[in-house]
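First the structure, in the form of structure tokens, and then the observations on it.
Read-outs: derived from the displayed coordinates by stated rules, not from any lab. None of the values given here were measured: they were computed from a predicted structure. With ideal geometry, Cβ positions are generated from the backbone for all residues, glycine too; neighbour counts draw on all protein chains shown.
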Amino acid sequence: MKKILIIGSNGFIGRNLIRSINLINKKIYLIDKINPSRNDLKFIRENKISFKKIDITKIKELKKIAKIDFDVVYHLASVVGVAKVLDPEKTINIIINGSKNVIDHLVKKKTLLVFFSTSEIYGNNINLPWKEEDPMLLGSYKSPRWNYAKSKSLVESIIYERSKKKKFKFLILRLFNIYGPYQSKFFITPNIILNCLKNKTCYLNYPTTQTRCFTYIDDLCDFLIKLPSKKKIISGVYNIGNNKKTKIKDYINLIIKLTKSKSKVKINKFKMMNKIYIQDVIHRQPDITKINKVYRWKPKTDILTGLIKTIDFFNKSSQQ
Ligand SMILES: NC(=O)c1ccc[n+]([C@@H]2O[C@H](COP(=O)([O-])OP(=O)(O)OC[C@H]3O[C@@H](n4cnc5c(N)ncnc54)[C@H](O)[C@@H]3O)[C@@H](O)[C@H]2O)c1
């Protein structure tokens, strides 16, 4: 029986992953520093999944599960989102120290470590689409947003070096704007959907030419759930995301149309948060040749289908 650990299981990706993974012949362990919601707890109990409240920055807590030989560790725990990463000490501590603890105490020789990195790593590099070996072009040390990318990048290097000594397999996945059910309302997709459902104003950041490559959560989970039964793993860094760019302006207008909302779009000239100017990235686009070649993965869900499913989820959950 395969032993699977999901760290950061109560977040957006974790909650989708535990619902899509095939539970047969697997023992699933979940850890998070916060307790699951009542609905999740019901799902966890019904499926005989183990949950432990553990903060990965605390070695003493982590040692409670260190004796288990995990086959796959999905390491999702992180500070996520521009608003949250504005606390540099917290960002650095959770991402760097927490991940080092995970590698030191939970990853053994036979473990496959799946680390969730980010498209933020490429920063303001204007040569699109980005390949895994492309340079990072991060902004000033004065803007706290870059601590997230810097911390993730450092963990990528730690994993790369440690894997040579400890001989474990790893996948570093650089995610591009994942969206779908269970995402927190602080992210663009749920934020716009929830505003539209209430006919509230939607804010579009300046410049209005900004694009993103929106990736539906099921396309990511489709890749993740196949990993425990893969015969061959080729360790490395992989971009994972939709390679089609969408203008954020068009994305918002499509959500307004699909929700039949009366919401108006207002342009936000300067993106400020807690009186700090956020240096924003104008375009992001992955080159997904590598993951397609090695794992035959490519996104299947178009924006329209993904948004219809996501709107349906938030519509139902806002009525409960
Ligand atoms: N969602 C995206 O579009 C996206 C894009 C790029 C990268 N990622 C990466 O994917 C991963 C998961 O993203 P998500 O959207 O599910 O985030 P999320 O914020 O919804 O979930 C993160 C989870 O980690 C937990 N956590 C945080 N600190 C912890 C600690 N010290 N110990 C234990 N648990 C802790 C949180 O409680 C939360 O449940 C993150 O590593 C993130 O950097 C996500």
* To do: Among DSSP beta bridges whose residues both lie in the chain, state the antiparallel percentage, nearest 5.
  => 10
* **Local net charge near residue 176, Cβ-Cβ under 9 Å (Lys/Arg +1, Asp/Glu -1)** => +3
* Asked: Considering the alpha-carbon set of region 157-204 alone, what are its Rg and its Dmax in angstrom?
  -> 18.7, 56
* For region 67-117, convex hull of alpha carbons as volume per residue, Å³ -> 70
* FRET efficiency for residue 267 and residue 46, Cβ-Cβ distance as r, R0 = 41 Å, nearest 0.05? -> 0.30
* Structure fact -> When 136, 1 are arranged by how many other beta-carbons sit within 10 Å of their Cβ, fewest first, they go 1, 136
* With a sphere of radius 9 Å drawn around the Cβ of residue 152, what net charge do the other residues whose Cβ falls strictly inside it have (Lys, Arg +1; Asp, Glu -1)? -> 0
* Structure fact -> Here the Cα Rg-to-2.2 N^0.38 Å ratio for region 1-61 is 1.07
* Of 100/169; 108/152; 48/100, those spanning more than 18 Å from alpha-carbon to alpha-carbon -> 108/152; 48/100
* To do: Rounded to whole Hz and in sequence order, give me ³J(HN,Hα) for region 19-35 from the Karplus expression 6.51 cos²θ - 1.76 cosθ + 1.60, θ = phi - 60°, writing x for Gly and Pro.
  => 7, 9, 5, 7, 7, 5, 6, 9, 10, 9, 10, 10, 9, 7, 7, 10, 6
* Determine the shape class of region 1-107: with a ≥ b ≥ c the square roots of the Cα gyration tensor eigenvalues, call it rounded for a/c under 1.5, and otherwise prolate if a/b is greater than b/c, oblate otherwise. => oblate
* Kindly identify region 169-320 as rounded, prolate or oblate by the Cα gyration tensor criterion: order the square roots of the eigenvalues as a ≥ b ≥ c, call it rounded if a/c is under 1.5, otherwise compare a/b with b/c, prolate if a/b is larger, else oblate. => prolate
* To do: Project the alpha carbons of region 62-146 onto their principal axes and report the range along each, largest first, in whole Å.
  => 44, 29, 16
* Structure fact -> Lys and Arg at +1, Asp and Glu at -1: neighbours of residue 85 with Cβ under 12 Å from its Cβ sum to +2
* residue 292 versus residue 109, label points 7 Å from Cα toward the beta carbon: distance in nm? -> 3.8
* Can you sort 163, 184, 117, 9 by how many other beta carbons sit within 10 Å, fewest first? -> 184, 163, 117, 9
* Structure fact -> Answer check: the chain, Cα atoms, Kirkwood Rh, Rg/Rh ratio of 0.95
* Asked: Could you give the dipole magnitude of the chain about its Cα centre, charging the beta-carbon of Lys and Arg +1 and that of Asp and Glu -1, in debye to the nearest 20?
  -> 660
* Structure fact -> Per-residue Cβ contact counts at 10 Å, fewest first, order 46, 120 as 46, 120
